[in-house]
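Quick notes on the structure that follows.
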Amino acid sequence: MTRAEYLLVTMGGRRCGIPAERVITVLRRVGIHAFPAEEAAFLGLARYSSDAVGVFDGATLFGLRESPGPEPAEPVVIMVSGGAGRTSEPFGLLVEEAERMVSVGEEGETLPSPEEMLICDPANLVASRGRDKP
Amino acid sequence: MTRETPHGSRSVLGLVFFALVGLGGGVVLEASFPESTPDWIVTGVPVLALLAVAIYVVTVYLPQRRLEKELERYRVDYTRQCGALRVALEQLRRGDLVAAREQEKHLSDDFRHSMRLAVRAMEGLIGEIQKDSIEVAKASLAVHRTASELASGSSQQAAAVVEITATMEEVAKTAAHIATRASRQAELAVHSEEAGEAGAEAVARALDGMESTRGKMDAIAARAEALGRRSREIYGVLELINEIAQETHILSLNASIEATAAGEYGERFAVVADEVRRLAERSRESVDSVRALLDDFSGSLRDMVAATDEGRDAASGVLEQARSAAQAIDALRGALSETAQASQEISLATSEQRSASDQVVTALREISSVVQRTAEGLQELSATADQLDDLGLAIQLLTQSFRLHSPRSLKHLFLGWSQRIAGFASHGEATRGFLEQLIQECPYVEFTYLVDTEGIMVAFVANRQMIGGKELPPGVGIGKLFSERPWFKGVMRDDVAVVTPPYQSMVTGEDCFTVAVGVQNEAGRVEGVLGVDINVGSWANI
């Protein structure tokens with residue numbers, strides 16, 4: 001078994017693991033500007049490295065709930081890569097909490113059970129929806 | 001029938017004497033002096049004698065005879081008058097004034113007039129005595145009743161006076177007790193007033209203490225408010241620390257992400273980043289702990305502030321109450337002072353009341369003595385009334401021994417009834433009807449009955465309203481013998497009415513007397529005796 005790194009977050013009340021290679025950075029106090037869109041999970045646009053990137057409700061985007069819930073007390077936006085590279089086609093996932101990095105593998109810790117940590121890979125999400133719409 | 005009186009015989013003898021003297025004188029003169037005596041003398045002397053005889057007859061004898069006849073008539077009339085007078089007097093002796101008046105027609109006018117006046121006077125006198133005796137009886141009965149009622153009332157008064165005396169003695173004792181209690185109350189009031197003054201001072205000190213406490217409570221509240229502000233400042237600092245910890249956490253995460261991206265070159269950095277994340281985590285946990293402590297502290301502080309506010313409010317309330325208590329104590333002191341004064345006045349008044357009660361008790365005892373004497377006097381008066389009643393009855397019975405033309409004359413009244421019964425004496429039912437009618441018309445009659453000449457009772461009626469349901473004794477009733485009773489013997493002996501002295505009735509046990517009258521047939525022969533028993537208690541209703 002190869003070693004894998006995940007960022008352990010909480011979305012929709014559930015603990016989820018986002019593969020570390022997809023995580024660009026973790027941001028706090030991100031200003032999200034509402035923008036009309038048909039996507040239910042789309043929250044708006046945020047400024048990141050002089051670019052405007054879309055921010056989505058993580059739980060809604062990964063199908064943990066049908067629509068965004070109330071804004072968390074300490075909202076955290078996880079900038080992830082939807083493209084091939086680590087920093088390509090970035091977009092934000094609004095999560096309730098970013099907990100820590102977990103390592104799973106030969107020397108890593110034991111992967112939590114699916115009930116304890118749901119693997120949420122943005123690449124899979126982008127692949128299923130087409131590259132135009134992360 | 002005439003009778004020659006001695007006076008008439010003497011007249012005839014005188015006439016013969018005069019004739020013989022005249023004739024004898026002529027013979028003697030002729031024989032003595034035959035020559036010298038003239039013839040005319042011898043002849044004249046007998047003539048003169050005859051003349052004298054004639055004169056005598058005309059002037060003496062004939063008037064005398066007329067007078068003797070007149071005298072005889074007077075004598076006969078006198079004898080008749082004396083007989084009638086004797087009968088009338090006998091009727092009077094028997095007390096039968098009615099019969100005596102009937103005898104008046106046999107008397108001369110003078111006697112009749114005198115007898116009438118005498119009988120009328122006696123009737124008037126006896127009737128007046130009868131009426132007066134009844135009035136006396138009624139008066140004595142009224143006096144007796146009044147005296148009895150007054151005696152009863154006096155007894156009740158005596159009892160009431162005794163009761164009032166006992167009550168007044170109790171009142172006096174109570175007054176003494178009240179006086180003692182009032183005096184004690186006055187002392188207590190004085191002590192209470194002193195205690196009230198001490199209480200007022202204590203309340204004043206309590207007021208000062210409460211004022212001080214309220215000031216301290218205000219100071220505590222101010223300090224708590226300051227602590228609250230400082231707590232909020234600490235919250236701000238904690239928020240800042242938490243913010244820094246969050247930022248540090250994010251930084252450590254980003255460092256770990258970068259270390260992961262750096263591959264094996266970033267492993268050591270990843271360790272540092274993880275340590276930083278742990279420190280940030282501990283900082284957050286410490287902030288949470290401090291915040292929890294601060295929350296507790298703030299909660300306690302809020303509780304303390306609330307308690308202080310409540311305490312201050314309570315202190316204000318207590319202060320107000322203490323002020324009210326101080327005012328109440330002041331008022332109470334005034335009231336106690338008045339109470340002490342009033343108690344002293346009550347003590348004085350009750351002492352006077354006790355003295356007055358003692359005087360009343362003394363007066364009541366005197367009244368009780370007077371009432372007792374009055375009761376005794378009334379009892380004597382009642383006894384005197386009884387005696388007067390007895391005397392009235394005796395007088396009444398005395399007067400009832402006479403028979404008068406008066407409805408109150410029992411003899412006359414029941415002789416009238418006996419005359420009505422006379423024709424029915426042998427008819428039991430008719431006689432009974434008369435007797436019942438007698439009782440109806442004479443309600444004072446207890447019993448009435450008819451006894452034949454053998455003394456056997458043939459009719460009997462009782463006044464049920466008077467005797468009620470009392471049973472008749474065995475010796476009384478139809479067929480019983482009464483021949484030995486004095487009233488029967490009296491009537492049968494004298495053919496008159498009899499009134500007996502009072503005796504005790506065998507039925508009612510009360511005093512009564514009997515009026516018995518003979519029942520005569522048309523021939524005037526007694527064929528029975530009507531007896532009427534009259535209750536003494538109701539005789540005044542005659």
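Each value in this text was obtained by applying a stated rule to the coordinates, not by laboratory testing. Note that the structure is a prediction, hence the values are computed from the model and not measured. Glycine gets a Cβ as well: all are built from the backbone with ideal geometry, and neighbour counts include every protein chain shown.
Report D for region B:170-284 in µm² per second (integer): Stokes-Einstein, Kirkwood Rh on Cα pairs, 20 °C, 1.002 mPa s. Show your work: numbers first, answer last.
On the way: Rh = 21.7 Å.
Value of D from the Cα-based Kirkwood radius: 99 µm²/s.
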Relative contact order (percent, whole number), chain B, Cα cutoff 8 Å, 6+ residue spacing: 17
Determine the relative contact order of region B:238-353: mean sequence separation of Cα pairs under 8 Å and six or more apart, normalised by residue count, in whole percent. 22
Whichever lysines have a C-alpha closer than 22 Å to that of B:LYS131, once near sequence neighbours (fewer than 8 apart) are set aside: B:LYS411
Charge dipole (debye, nearest 20) of chain B; +1 at Cβ of Lys and Arg, -1 at Cβ of Asp and Glu: 4060
Overall dimensions of region A:18-113 by Cα: Rg and Dmax, Å: 14.1, 46
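Give me a single rounded figure for A:28-40: the average over its residues of other chain Cβ atoms within 10 Å of their Cβ. Could you put the intermediate results ahead of the total?
Details: counts 6, 4, 0, 0, 0, 0, 0, 0, 0, 0, 0, 0, 0.
Across A:28-40, the average partner-chain Cβ count within 10 Å equals 1.
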Region B:346-461 - percent relative contact order, Cα under 8 Å, separation 6 or more: 11
Size of region B:409-542 along its principal axes in angstrom, Cα-based, largest extent first? 39, 28, 27
What is the distance in Å between the Cα centroid of region A:30-51 and that of region B:91-133? 166
Hey, what angle do you get for helix B:39-56 against the long axis of chain B, alpha-carbon based, 0 to 90 degrees rounded to 10? 20
Summarise the partner chain shielding of B:164-173 as one whole number: the mean count of Cβ atoms from other chains within 10 Å of each residue's Cβ. 0
Over the Cα atoms of chain B the radius of gyration and the largest Cα-Cα distance (Dmax), both in Å, equal 70.1, 267
For every helix of n ≥ 4 consecutive DSSP H residues, a contribution of -39,500 (n - 2.57) applies; sum these over chain B, divide by its total residues, and give [θ] at 222 nm rounded to the nearest 500 deg cm²/dmol. -28000 deg cm²/dmol
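Within chain B, which is the longest segment that contains none of the trypsin sites (Lys or Arg not before Pro) sitting in a DSSP loop with at most 11 other Cβ atoms within 10 Å?
Working: sites that count: B:ARG3, B:ARG525.
In short, B:4-524.
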Give me the angle, in degrees from 0 to 90, between the Cα long axis of helix B:267-400 and the longest principal axis of the Cα atoms of chain B, rounded to the nearest 10. 10
Going by Cα centres, region A:77-100 and region B:470-507 are how many Å apart? 157
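Just round it to a whole percent: the fraction of Cα-Cα distances in the protein assembly as shown exceeding 31 Å. Let's see the in-between values first.
On the way: 181085 of 228150 pairs.
Everything past 31 Å amounts to 79 percent.
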Using the alpha-carbon atoms, what tilt in degrees (0 to 90, nearest 10) does helix B:109-261 show relative to the longest principal axis of chain B? 0
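Looking only at other chains, what is the average number of their beta-carbon atoms within 10 angstrom of each beta-carbon in B:251-259? Write down the numbers at each step before the final one.
Numbers: counts 2, 3, 12, 7, 1, 8, 13, 3, 3.
What the average comes to for B:251-259 is 6.
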Search the structure for amide H atoms under 5 Å from the amide H of A:THR25, placed 1.01 Å from N in the peptide plane, and list their residues when 5 or more places away or on another chain. A:MET79
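Are there GluC sites (Glu not before Pro) in region B:496-542 that DSSP puts in a loop and that have at most 15 other Cβ atoms within 10 Å, and which ones?
On the way: sites: B:GLU510, B:GLU522, B:GLU527; in loops: B:GLU510, B:GLU522.
Those satisfying the criteria are B:GLU510, B:GLU522.
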